[in-house]
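The values are calculated or read from the model by the stated rules, or taken from the named source; none is laboratory data. Predicted, not measured: the structure shown is a model, and the values here were computed from it. Glycine also receives a Cβ, built like all others from the backbone with ideal geometry; neighbour counts cover every protein chain displayed.
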């Protein structure tokens, strides 16, 4: 008798998730993705700018090396290729060009 009563009041423990639970999980994941993706895109631009600034400093150091070796600054950035720079190093990865103005390497957008 006791077993019969226990079976009657025993909770049904089917393993698995309900549709509402699954929809809530998908909603939370969607909101997180919507919040994260714009931040990743903004950080990508920031990384490109930082990389370009580092490349300008590297070009400036090569301008100084050219000035020491040749006795004067180069007339144009093309004067540094191929001995001091490669042809890929005169532009940044984001497409900005590096030019020389008064012996200083400057980034132009």
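What do you reckon, is residue 24 in a helix (DSSP H, G or I), at pLDDT 90 or above and over 28 Å from the mean Cα position of the chain (by Cα)?
Taking the combined requirement at face value, the residue satisfies it.
Inside the range 58-104, can you point out the residues that are under 24 Å from the mean Cα position of the chain (by Cα) and surrounded by 11 or more Cβ atoms within 10 Å (Cβ to Cβ)?
Matches in the range 58-104: 58, 59, 89, 90, 91, 92, 93, 94, 96, 97, 98.
Just to be sure I understand, how many residues within the range 78-95 are in a helix (DSSP H, G or I) and more than 25 Å from residue 45 (Cα to Cα)?
Residues that pass the stated criteria total 3.
Looking at (1) part of a helix (DSSP H, G or I); (2) at pLDDT 85 or above, find the lone condition where residue 98 falls short.
Going through the list (1) part of a helix (DSSP H, G or I); (2) at pLDDT 85 or above, residue 98 breaks only (1).
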